[in-house]
Structure formats: C-alpha cells, structure tokens
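The values are calculated or read from the model by the stated rules, or taken from the named source; none is laboratory data. Values in this document were obtained by computation on a predicted structure and should not be read as measured data. In this analysis, Cβ positions are derived from the backbone assuming ideal geometry, glycine residues included, and neighbour counts consider all displayed protein chains. Just so you know, the surface numbers come from the protein's heavy atoms only, side chains and all, with ligands and any DNA or RNA stripped out. Shrake-Rupley method; radii C 1.70, N 1.55, O 1.52, S 1.80 Å.
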Amino acid sequence: MKRILTVATIALAQVGLVAVAVHPQLSARLTGDTYVMRVEALDPIDPFRGAYVALDYPDLRQQLDRERVRQFDNDERGDIYITLQLGDGVWVGKDRTRERPDKGPYLACDDRSWQIRCGIESFFLPQDEAASAEELLRAGAVAEVHIDGRGNAAVVDVRQP
C-alpha cells in the first residue's frame, strides 16, 4: 500500500509540474485577446525540433533596440514587460519596463538569455506546411497572437496581412 501511495504522489507531482510549465501558453490561448503583429522568419526547419519557424517581430525589435541603448544598458537581467500600441493596423512595441504595467496590452518577457523571450518566438506546424510557411514569411506576414491579462502570449496563426 505504501508503494502505491508513493507512486501516486510522484505521478501527481509530475502532472503538477507539467501544468506549471504549460500554464502561460495555455492561459494565453484560452483566455487571451487577439493581437496582430508584423512577423519575419528568423530560422527555418530544425531536424531535431521538427517543423517550426523561429519568428522575429521587427516592430518589437526596433523599439527594443532603441530602448536598450537609452535605458537598459546597465546589464540588469530578468523579467521585462513590453507595452504595445496599435500602429498602421498592427501592434508594435511602445515601451519596456522591469515593473509589470497596470494596464495592457503588454507582453511578459524574459531577457536572462542572449535574447528577449516572450513565448512567441516559435511557430510549430505540420511538416508538409513548413515550406509554404517560409515563403509566406518571406513575402511579408503577420502573426496572430493571443495575450492574456498577465502578458502571457501564444502564437495561434501566421498569415498574410
């Protein structure tokens, strides 16, 4: 009986860890509002990760590059929040801050690694759709992103503008 209880406890702990790991993406997909952002391909198919496209958001990056030089050159790393504003029919980065904004929309990101990660950098798709997705991204595309009230984000579609 003790062994069954131990196995059940370990299994529940693992389920809990999985739930914690996928909560931000799941929350964004289920409860988030839809935002459309300009997107570009950064990296094509990876044989180890399958058919996915690494995405780059030029309207976020340009704002971040300007802000990095002006405000964030003190080597501080950690949570970072990018506020968004509507411009020319797509959402673009407005400001970034280390403190969670009182109102949205904003992206909750992390700059602890070599790049700022907001949870919207990869778009996974079936293998047979990968080549057409790359062509679409080269021609100019937008990403449909769901963002929840806490800034968690998930890419739900990449399409023509």
query = Tally Lys/Arg at +1 and Asp/Glu at -1 over every other residue whose Cβ is under 13 Å from the Cβ of residue 34; what's the total?
reply = -2
ask   = residue 118 accessible area, nearest 10 Å², 1.4 Å probe?
value = 10 Å²
task = Could I have the simple spin-label model distance between residue 115 and residue 128, label points 7 Å from Cα toward Cβ, reported in nm to one decimal?
result = 2.9 nm
message = Can you list residues from other chains, or at least 5 along the same chain, whose modelled amide H is less than 5 Å from the amide H of residue 55?
response = 42, 122, 123
request  = May I ask you to derive the FRET efficiency for residue 150 and residue 95 from their Cβ-Cβ distance with R0 = 25 Å, giving the value to the nearest 0.05?
outcome  = 0.90
message = So with the 1.4 Å probe, I'd like the accessible area per residue for region 100-161, rounded to whole Å².
response = 54 Å²
ask   = What list of ³J(HN,Hα) couplings, whole Hz, do you get for region 118-126 from phi and the Karplus terms 6.51, -1.76, 1.60, once you set θ to phi - 60° and write x for glycine and proline?
value = 10, x, 10, 8, 10, 10, 8, 8, x
